[in-house]
Amino acid sequence: MHFASDNSGPVHPEVLAALTEANQGYQMAYGTDTLMNEVRDQIRGIFEAPGAAVYLVATGTAANSLALATLTKPWETVFCSPVAHIHEDECNAPEFYSGAKLTLVPGEDKMTPEALRGSILAEETRGVHGPQRGPVSITQVTERGSVYSLDELQALCGVAKEYGLPVHLDGARFTNAMVALNCSPAEMTWKAGVDAVSFGGTKNGLMGVEAVVFFDESKAWEFELRRKRGAHLFSKHRYLSAQMAAYLQDDLWLRSARQANGNCARLADGLRAAGAEFLHEPQANMIFASFPRSKHRALHDAGAVYHLWGAELEGEDEDEMLACRLVCDWSIGEDQIDQFISLL
Ligand SMILES: *Cc1c(COP(=O)(O)O)cnc(C)c1O
């Protein structure tokens, strides 16, 4: 019963098989392997963007930081949610790589167009003395398990465009959002006004690969220089390419995300039936819910693994409602979910 995160599960067997298959003979290094040519074409194909620039890196932090650095001047500021991964969970790597700062758009999780506009208007007001306006970074699926609708994405991108600002999408859970919305990659990105995407793979079955996609090819060379200078250009790059090729082969990316979201829906139904309270409506593969300490204790004693959310298991009051975060990946079996629910 492991619900700690979608990066604590195994690598999908089809990905490991692809790595073994790629592990033969010789290949040119540093992203010039033949598999990368296929991956580039496949990603351009799924995004319906024949001119897109496509790169692979091994972590989401590298994808976000290098993408944002490419879109941002050091004297600019990046607009994002106060709970954005780039703000809370990347040890200032976006600031390190870009030399810029972040401006937190007031809110709980999702940004609203009104709040974004307010934050944009409040910057670039002090001439040479203050930060200049820079890109907007949107997380899809959000850090609290919510999914922006296409209308919401378009509205945020619309505000950014009014001020001539580029938009970055942190898609560590890109495919979970896409299958939840039942839309195409193009609809969730450039058709809505997104300029660059961190297209996650690790949390959805890969060993460690995220693609960075720029719909404006003119950013390509700068990104390449930044990736190398930032020490994220892999020499035995074919093993990144092989993972991403396997991800896109036979719709593995879609199958995995549907499985993860389906597991999450089953778990959410069970929690609801057991009387748990939801902090956010689960829309993809993450749940934030509260139930009594006594139940957490029973689950903990039975070996369930997940994070409490701003709460401690230790305490006297057995009826106190404690919040937790439960994340499902593709690999969680129905038996694990049902066991969890029956303990609850
Ligand atoms: C997991 C995650 C990332 C990537 O994190 P790494 O640990 O650097 O791979 C980026 N953004 C979000 C929203 C995430 O959840």
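The values are calculated or read from the model by the stated rules, or taken from the named source; none is laboratory data. All figures in this text were calculated on a predicted structure; none of them were measured in a lab. For neighbour counting, all protein chains shown are included, and Cβ atoms are generated from backbone atoms with ideal geometry for every residue, glycine included. In case anyone asks, the SASA skips ligands and DNA or RNA and just uses the protein heavy atoms, side chains included. Shrake-Rupley method; radii C 1.70, N 1.55, O 1.52, S 1.80 Å.
A cut-off of 5 Å between modelled amide H atoms, ignoring neighbours fewer than 5 places along the same chain, links G31 with H237, R238. The loop-placed trypsin sites (Lys or Arg not before Pro) in region 215-276, going by DSSP, that have at most 14 neighbouring Cβ atoms within 10 Å of their Cβ come out as K236. Site pair A273 and A17 shows an inter-label distance of 3.4 nm when each label is modelled 7 Å from Cα along Cα→Cβ.
Backbone amide hydrogens, once placed in the peptide plane, bring L102 within less than 5 Å of V78, excluding anything fewer than 5 places away on its chain. Measuring from each cysteine beta-carbon in the chain, the ones with no other cysteine beta-carbon under 4.7 angstrom are C80, C91, C157, C183, C324.
Taking all Cα-Cα distances within the chain, those exceeding 26 Å account for 50%. Heavy-atom accessible surface of K110, to the nearest 10 Å², is about 60 Å², with a 1.4 Å probe and all protein chains retained. Among M28, M178, M1, the order of accessible area from largest down is M28, M1, M178, computed with a 1.4 Å probe on protein heavy atoms. Once the Cα-Cα distance is subtracted from the 0.36 nm per residue extended length, the E217 to D319 segment shows a gain of 31.1 nm.
Legend: residue pairs K161/K191; K101/K191; K101/K219; K73/K228; K110/K228; K73/K203, Cα-Cα distance threshold 24 Å; pairs beyond threshold, K101/K191; K110/K228; K73/K203. Between region 271-338 and region 151-175, the alpha-carbon centres lie 32 Å apart. The charge dipole of region 13-252, taken about its Cα centre with unit charges on the Cβ of Lys, Arg, Asp and Glu (plus for the first two, minus for the last two), comes to roughly 600 debye. The label-point distance for K236 and R126, in a model that sets each label 7 Å from Cα toward Cβ, rounds to 4.9 nm. Taking chymotrypsin sites (Phe, Trp or Tyr not before Pro) in DSSP loop conformation with at most 16 other Cβ atoms inside 10 Å as exposed sites, the chain has its longest uninterrupted site-free stretch at 164-308. Per-residue SASA remark: L150, around 40 Å² accessible (1.4 Å probe; ligands, DNA and RNA not included). The longest part of the chain holding none of the exposed loop GluC sites (Glu not before Pro), meaning those outside H, G, I, E and B in DSSP with at most 16 other Cβ atoms within 10 Å, is 188-311.
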